[in-house]
Each structure stands twice: as C-alpha cells, then as structure tokens.
Amino acid sequence: MFGSVRKMARAVRGPTIEERELAYLNDSIDRVELEYRQRQVERGLFRKSF
C-alpha cells in the first residue's frame, strides 16, 4: 500500500534541484555554452533562496 502512495507522491512533486540543474546543463548547444552553464550552476543559480 505504501509503495503506491510513494509512487503517486513522486509523480506529483516537482523536480528536485539536481534534476533541474541536469536538465539545464543538458539543454546546452555546444561546449562553450556547457562550460558557461556549469559555472552558473557552481555559483548556485538553482540553489538561491528568494
């Protein structure tokens, strides 16, 4: 029973910070843009609290 509840909870929740960072890096077009995006992620682009 709890297994199905966990699956539903995972489906409803938004992506984690790590998943958002990875998706952002995967959207880069070339090596230069990838390096730029890696620096942004290292600086905490997705980890800042507003």
If you roll a 1.4 Å probe over the heavy atoms of the protein chains, what accessible area per residue do you get for the chain, in Å²? 92 Å²
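So what is the 222 nm mean residue ellipticity for the chain from helices alone, if each DSSP H run of at least 4 adds -39500 (n - 2.57) and you divide by all residues, rounding to the nearest 500 deg cm²/dmol?
Using -39500 (n - 2.57) per qualifying helix, the result is -20000 deg cm²/dmol.
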Taking K and R as +1 and D and E as -1, what net charge do the other residues with C-beta under 14 Å from the C-beta of LEU25 add up to? -3
3J(HN,Hα) from dihedral phi, segment 6-22, Karplus parametrisation 6.51/-1.76/1.60, rounded to Hz, x for glycine, proline: 4, 4, 5, 5, 5, 5, 7, 5, x, x, 6, 4, 5, 5, 5, 4, 5
At a 1.4 Å probe radius, carbon and sulfur cover how many percent of the accessible area of the chain? 58 percent
At 1.4 Å probe size, with no ligands or nucleic acids counted, give the accessible surface of TYR24 in Å², nearest ten. 50 Å²
Work through the residues other than VAL12 whose Cβ is under 15 Å from its Cβ and net out their charges, Lys, Arg +1 and Asp, Glu -1. +3
Binned at 10 Å from 0, what are the whole-percent values of the Cα-Cα distance distribution for the chain, short to long? 23, 36, 23, 15, 3
Rounded to the nearest 10, the angle in degrees between the Cα long axis of helix 31-42 and the longest principal axis of the Cα atoms of the chain comes to 60 degrees
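The values are calculated or read from the model by the stated rules, or taken from the named source; none is laboratory data. A quick note: this is a predicted structure, and the numbers were derived from the prediction, not measured. Don't worry about glycine lacking a Cβ; one is built from the backbone with ideal geometry, like all the others, and counts go over all protein chains shown. The protein model used for the area step is the full one, side chains on, heavy atoms only, and it has no ligands, DNA or RNA in it. Shrake-Rupley method; radii C 1.70, N 1.55, O 1.52, S 1.80 Å.
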